[in-house]
Structure formats: C-alpha cells, structure tokens
1. Return 70, 84, 108, 308 ranked ascending by Cβ neighbour count within 10 Å, so the fewest neighbours appear first.
2. When only C-alpha pairs under 8 Å and at least 6 residues apart count, what is the relative contact order of the stretch 205-338, in percent?
3. Assuming R0 = 41 Å, what is the FRET efficiency of residue 247 and residue 326, from their Cβ-Cβ distance, to the nearest 0.05?
4. Starting from the 7 Å offset along Cα-to-Cβ, what nm value, one decimal, do you get for the label separation of residue 74 and residue 223?
5. For the chain, set up a Gaussian network in which alpha carbons nearer than 10 Å are linked by springs, and say which option among 182, 277, 65 fluctuates the most.
6. Looking at the calculated P(r) for the stretch 66-347, what percent of the C-alpha pair distances fall above 36 Å?
7. Pick from 120, 21, 130: which residue has the top mean-square fluctuation in a GNM of the chain where Cα pairs under 10 Å get a spring?
8. What do you get for the angle between helix 50-59 and the principal long axis of the chain? Use alpha-carbon atoms, 0 to 90 degrees, nearest ten.
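Every number in this text was worked out from the coordinates using simple rules, so none of it is lab data. These numbers were taken from a predicted model, which means no experiment stands behind them. We place every Cβ from the backbone using ideal geometry, glycine too, and count neighbours over all the protein chains shown.
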Ligand code: SF4
C-alpha cells in the first residue's frame, strides 16, 4: 500500500523532492495545492510538470478516505461513514449550530482519531465496537478537508476531537495533524477542542506543545471508584493525578477546562457528587457540560437521569456558583450523537 503524502513532515517532503532531483520549494507548492487549493488529485497541480505529477502519483496517495455513505438527521446533523485504504470504517459528524443567531460560528465537525477505541467506556458504542487501529495524520486531516469541501457554501470553524477513539492515545499523529490544521488555517486554535478521558502524561506534554487548544475532560464521576465503573482505564489514571495535569494545563494556556458529565441514576447524581464536583470545578476556571446519555449499549446497569433530574442537578451546581451547560443531543436518529459512533455495518 502506498503511503499518503499528507503523512510526510516538511522535512521528509524536502528530502523526497531532493531525492528525485527537484527543488525544496516544491514542498510549499505541494502543501499549498493540498491545503489552500484543496487539491485531491496530483494531476491537477498546475505548477508541476507532467513528469513530477506522474512520479508523485506513482509514489503516494493523496486521498486517504473513501466516502461510503452520508446520513442526515432531522436536526441537520450529518454523519459521514468513511472507509480507509485497508478497509476499516470510521465515522465523523457535522453538527450545525441550530440555536444561535450567528449560527455559522458554531458549526462543528466531530473528528475521529482511531478506528474503534481500546478504552471501552461502558456508555459508548465505539468502546463496545472494539479497537482496530490508530488513524494516521492523513486520515485525521481528510475528515476535516472532506467535510469542509462537502459543505463548501457554509463556514465550519470548529472541530471537536470527540469522535471514535481517545485522541491522546494517538498523540503524535494528533499533534502533527493539528499543527497542519493551524499552519494552513483549516481552523484556528480557538475552534478546536480535544476531548479526553484524561491521560496525565499526555496532558502535560500537550501543555508543553504551546498550541493553546481547549481541553475537555470526560469526568463523569468525581469519585475514582464510580468513575472506574464507567471508564475501565480510569483504574490506571486516578482523578487527582488527572487534575494535577489539568492544573498545569491551565497554568500553561490560561484556557478554561470543560468537564463532561453524563448523569446516571444512583451512580453519579447524589448531593455528595455535586459537592465534590463543585470542588473540582473551582480548582481552575471551568465549565461543566451535562451531556445527555444516548442509550446504545443496552447496559441495564446504566440508567440515565431524566430531564427533570438533569435540570435539578444543574440547578444545584449553579447554586454552588459553577458554570453549567446542559447539552442538547444532536444526531440521535442517525446514531451520530455522543457515544453512538460504532460503524454499524447494517447502516451501509
Ligand atoms: S468515550 Fe471516547 S474514550 Fe471512551 S470508549 Fe468512547 S471513544 Fe473511546
């Protein structure tokens, strides 16, 4: 299988062009064609000779994903099912902002970083689907390039790395993709959020990258024992250790941290949970996102709180002077909402 040209760093591209007797400036021309002119075919790079186009075509791929299907939700969300070169399926979602006058500013792409996921969160269909492999740089970038092209008449300024996979378990490819996204202004850093179950060493490294990207922690319980019931890998990463890494992240970036929380009856919805959660939320500037549970797993142990209970929980947090946002589920009818991406082959 040929490598994808987007997987090569600038230096690797310089070296490649030199090795075939071309000048280094071909690197800039090539990246300009791909990221600014959105070329998806070597033959259409007008400032390259026919020989060079053919040589590139012989040595590399330029597109990493094949669109298999799109599914449109009644709320305007669109799920994209892509196939990779080695026949893995991944999903990405376009989430329009339906609630805001300046809606274009909030259109968002939910990006995957893995085919499947090894973390196995109990509330997540991707976790139940299993892990195939990490996505490479090209596969991460192509989700954004493709969806921006697909909706070329509207602006998409935001991306959440919250699709299939734990982004920080694919750290190097994630960082390389983000650096290219920023270098070529596919998005700006304010529009990007990484959602993680909390891997302290990766959060510390990420703070040192100097990228100023927002972080969201999938917290879901302020107590280790209950959190571990939802996120098995949390046995390895204790809450206090994660919070210390987030303290450092905040000190390095001055960006508020989002704490994601799905409410389950009898598991994480008590007054004791509220008090402890509020203490965590006061540790650094933060916002708590209450996320509706999309019941995918037929996991009978997990009973989602109803709307009234969620409102009550939010009110009690407000009373603790905590900023709380209750998220509306988007794309539920096409299995595109949070925790529902599972490449269900019956859908293809
Ligand atoms: S919630 Fe995220 S980390 Fe957990 S299993 Fe799903 S994709 Fe993986």
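1. Result, fewest neighbours first: 308, 70, 84, 108.
2. Dividing the mean separation by the residue count of the stretch 205-338 yields 24 percent.
3. Efficiency computed from Cβ-Cβ geometry: 0.95.
4. According to this spin-label approximation, the distance is 3.8 nm.
5. Residue with maximal mean-square fluctuation among 182, 277, 65: 182.
6. In whole percent, the share of Cα-Cα pairs in the stretch 66-347 beyond 36 Å is 9.
7. It is 21.
8. Long axis of 50-59 versus the principal axis of the chain: about 50 degrees.
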